[in-house]
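Written out below as structure tokens is the structure these notes cover.
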Amino acid sequence: MRVTRELRAALMGLSAYKTLKEEPLLRELGGLLDALAAGRGEEGLQIYTDIILALEESGAQGLGDGLLELLYYRETLYPRALAGTAGAGVALTAAARRDVETLRQLRQLDSRAVLEELGGLLGPEFAPVLDKLPRWEAGADFDFESLTAFYQENGAGLLAQYRAFLWTDGALIPVAEPDCPDEEEMMGYTLQRDQVIANTRALIEGRRVNDVLLYGDSGTGKSATVKCLLSLPGFGNLRLIEVQKEGLRDMPVLIRNLRGRQQKFILFIDDLAFDQDDNTYSVVKTILEGGLEKRPDNVAIYATSNRRLLVRQTFSDREGDEVDLRETIAEKTALSDRFGLRIPYLNLSKPEFLNLVGQLADQAQITMDRGELMKAAVKWDMRVPGRTPRGARQFIASLSLQ
């Protein structure tokens, strides 16, 4: 069939989107066109069923849905160039436009026509099989202008598809369903959260911001404060990347890869602390202070810690034989000072704790007499030290066991 031969030739000429040919769906479609062009009917039949299965597993309603997913969420040359300072050149833009038109033609590949052509290549014994095979639809449509607008607003690849990631073994691992509490779920510490939100809003607006250290008692909501940023209205361009302790040394590589992206990034280090013999702190120190390579304005570091001084010390550390021991200790203990915004999260006062218990009791629709509830909360506070939102929630949960 002339149409499939011309489409096959056009698909072979992809340039700006050439890497998409390595994706399973496009690879199978290309293989199907190859089999039809070469008259290999049985091979074409096998590939046809693979395409049906791939569309079904991806939840795509048609070829257009599957192709649009690839165009949106795979890193390719054209959207990457759009994100750069120089933009996409005339030649690349023209090539991308041609490629999109080719993929639009591929979207319209008629499954019924394909089965008819396969029927002409296969023996009559295959006719019942071909009659019962599922057909695909054209599905979602797209065009060059709408794709360009999407890239300019969202970028492309995983960073356009997901909002939360883990930085592990030198790779970004997307988190499809991040644990991000709504702002309504946050209790207490309003002044602290307002500072974090204001700093983050400035980041989203493209202004220079401070790195942030949230330090203080366990269970006060430091980590939740950072994670809830993803649920705030107007923060859709924000991406949260959690960096594990073992990934700190590779942070410069990560930051370099985020340069020039449309999104704004918070590199989140949870429960940050170092032992005296852990030299990883020097990597963090260099990033916070700035080295020869300027950190991009779309990246900020947010960390939480139960300690105000991030490098642990022992009394024996102060009895070493270094000549400049005082300076060495000062250097290691002053790491937290490199964070421009240091926000304390301390235990609640007794009135604040009881007020929080009352709010949680109302949310949980607890009918206990309010005076008895407060007495029980005071007893809980005496048995379980630390007046924190976590402790208040645990107290409310304990009431269901009585």
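Length gain on complete extension for the stretch residue 259 to residue 40, per 0.36 nm per residue less the alpha carbon to alpha carbon distance?
Computed gain between residue 259 and residue 40 is 74.1 nm.
Residue 249 to residue 133: extension gain in nm, 0.36 nm per residue of separation minus the Cα-Cα distance?
Answer, rounded to one decimal: 36.5 nm.
Calculate the FRET efficiency for residue 201 and residue 52 from the Cβ-Cβ distance with a Förster distance of 45 Å, rounded to the nearest 0.05.
0.45
Which residue, 220, 168, 190, tops the fluctuation ranking in a GNM of the chain built on C-alpha contacts under 10 Å?
Checking each option, the largest mean-square fluctuation is seen for 190.
Can you bin the chain into rounded, prolate or oblate? Criterion: square roots of the alpha carbon gyration tensor eigenvalues sorted a ≥ b ≥ c, rounded for a/c under 1.5, prolate for a/b above b/c, oblate for the rest.
Prolate is the answer for the chain, as a/c is 1.5 or above and a/b outweighs b/c.
Is it possible to state the helix-based mean residue ellipticity at 222 nm for the chain, with each DSSP H run of 4+ residues giving -39500 (n - 2.57), the sum divided by total residues, to the nearest 500 deg cm²/dmol? What is it?
-15000 deg cm²/dmol
Could you work out the relative contact order of the chain, using alpha carbon pairs under 8 angstrom and six or more residues apart, expressed as a whole percent?
Over the chain, the number comes to 14 percent.
Classify the range 121-272: rounded, prolate or oblate, from the alpha-carbon gyration tensor (a ≥ b ≥ c, eigenvalue square roots; a/c under 1.5 rounded; otherwise prolate if a/b is larger than b/c)?
Prolate, because a/c is 1.5 or more and a/b exceeds b/c.
Work out the length of the dipole vector of the chain about its Cα centre, built from +1 on the beta-carbon of each Lys and Arg and -1 on the beta-carbon of each Asp and Glu, and round it to the nearest 20 debye.
Computed about the Cα centre, the dipole is about 1100 debye.
Please give the residues of the range 128-156, grouped as numeric ranges, whose backbone N is less than 13 Å from a label point set 7 Å along the Cα-to-Cβ vector of residue 75.
What the label zone holds, given the 13 Å backbone N cut-off, is 156.
Comparing 280, 304, 367, which has the greatest mean-square fluctuation in the GNM of the chain with Cα pairs linked when under 10 Å apart?
Residue with maximal mean-square fluctuation among 280, 304, 367: 367.
Mind checking the range 195-294 for trypsin sites (Lys or Arg not before Pro) that DSSP puts in a loop (not H, G, I, E or B) and that have at most 12 other Cβ atoms within 10 Å?
Within the range 195-294, the qualifying trypsin sites (Lys or Arg not before Pro) (loop, at most 12 other Cβ atoms within 10 Å) are 207, 208, 294.
Can you tell which of 212, 160, 12 lies farthest toward the positive end of the dipole of the chain, using +1 and -1 charges on the Cβ of basic and acidic side chains (Lys, Arg; Asp, Glu)?
The one lying farthest along the dipole's positive direction is 212.
Can you compute the charge dipole magnitude of the range 3-141 about its Cα centre, using +1 on each Lys and Arg Cβ and -1 on each Asp and Glu Cβ, nothing else charged? Give it in debye, rounded to the nearest 20.
600 debye
State whether the range 1-101 is rounded, prolate or oblate according to the following rule on the C-alpha gyration tensor (a ≥ b ≥ c being the square roots of its eigenvalues): a/c under 1.5 gives rounded; otherwise a/b larger than b/c gives prolate, and the remaining case gives oblate.
Oblate is the answer for the range 1-101, as a/c is 1.5 or above yet b/c matches or exceeds a/b.
May I ask you to compute the full-extension gain from residue 175 to residue 101, defined as 0.36 nm times their residue separation minus their alpha-carbon distance, rounded to one decimal in nm?
Stretched fully, the residue 175-residue 101 segment lengthens by 23.3 nm.
Readers should treat all values here as calculations from the given coordinates under stated rules, not as data from a laboratory. Just so we're clear, the structure is a prediction, and the values are computed from it rather than from any experiment. We place every Cβ from the backbone using ideal geometry, glycine too, and count neighbours over all the protein chains shown.
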